[in-house]
């Protein structure tokens, strides 16, 4: 996710914090300053906030570990001000798997809430005077327990793509196909999101509208992805190749590459070693190196990560998630170790528009193209 920064890796899963998380810390500091709280109270507030996000991280690891049991690896977890997102490499193969993966997160929070109860024996779940201030340490464990139980309950709201929405989709998936189930779950989520937005405006609570907007955009993105996946099923990568790609020789210097960039406005280039692709590069990486006056630097040193090539005999839907991460990123396509062309998500949309123009699927493809741009 753009704007997210890696802080550590646990069991092969990278943990990232989005820059907007700093806004939440800033808000806590501002509230404390406005209330005239001292450094001790401020420390408890920040400590409580960090403890909550440790619990959110454990919630996301719950999803990731259950997904791993089904052979689905999680790539990263991103912490946001409104919670966390665990990115898994592919969708579960059936509703039973999605149900198990989705319910794992809330169960982790309930388990944490139950465990914390042992540290405050005899304390009722809800006090008459709960003292929910996080500015002091005397109710720290009690408040953290309430937050975990609240997180579990909140995540079970059937607003897709929250856990409750995914559970709802999985249950629908036992009777309907996944496209229909996703559409119903996404529509339900949008209705609930509108309720959040309106409630936030009425109650002057900025968190509720933020959650509502997140639900609306996230639900739309996943619905778009699944519809596109259904449209490309059965089409192989070698059927949608682009041959008019732009390339740079890997040993070319930044200065030499800049001369090409002056007359070529492509965003991505294939890096070639003779006739073989060795990587891809974004033009902005070259422009950045030029601005830093690294004129003699070979462009191959600017490429980020290893070469990601695709097998031309594979069906598009098997690599669609990789392509969807960046609709303009180009990938070299190979046939028995021979470079045969490139592909990106934008071109796949154009291929569908050009080759299914007289089918009943055309309106759906056109609407997806509109969402993409």
Within the range 289-303, is even one residue at pLDDT 90 or above, in contact with a strand residue (DSSP E or B) (Cβ under 7 Å, 6 or more places away or on another chain) and within 19 Å of residue 239 (Cβ to Cβ)? no
Test residue 242 against the criterion of being in contact with a helix residue (DSSP H, G or I) (Cβ under 6 Å, 6 or more places away or on another chain), in contact (Cβ under 8 Å) with a residue 24 or more places away in the chain and crowded, with 18+ Cβ neighbours inside 10 Å, and give yes or no. no
Residue, surrounded by the most Cβ atoms within 10 Å (Cβ to Cβ), within the range 326-343, restricted to residues that are out of contact with any strand residue (DSSP E or B) (no Cβ under 7 Å at 6 or more places or on another chain) and modelled with pLDDT of 80 or more: 335
Hey, can you tell me all the residues within the range 317-347 that are farther than 20 Å from residue 226 by Cβ, free of Cβ contacts under 8 Å to residues at least 24 places away in the same chain and either in contact with a helix residue (DSSP H, G or I) (Cβ under 8 Å, 6 or more places away or on another chain) or not in a loop (DSSP other than H, G, I, E, B) (or both)? 338
Answer yes or no as to whether residue 323 is touching a strand residue (DSSP E or B) at 6+ places or on another chain (Cβ under 8 Å), within 24 Å of residue 256 (Cβ to Cβ) and surrounded by 14 or more Cβ atoms within 10 Å (Cβ to Cβ). no
Would you mind telling me which numbered condition in (1) within 25 Å of the chain's Cα centre (by Cα); (2) surrounded by 17 or more Cβ atoms within 10 Å (Cβ to Cβ); (3) farther than 13 Å from residue 268 by Cα; (4) modelled with pLDDT of 90 or more residue 309 fails? (4)
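The values are calculated or read from the model by the stated rules, or taken from the named source; none is laboratory data. Since the structure is predicted, the reported quantities are computational estimates derived from the model, not experimental observations. Ideal geometry is used to build each Cβ from the backbone, glycine not excepted, and the neighbour counts take in all protein chains shown.
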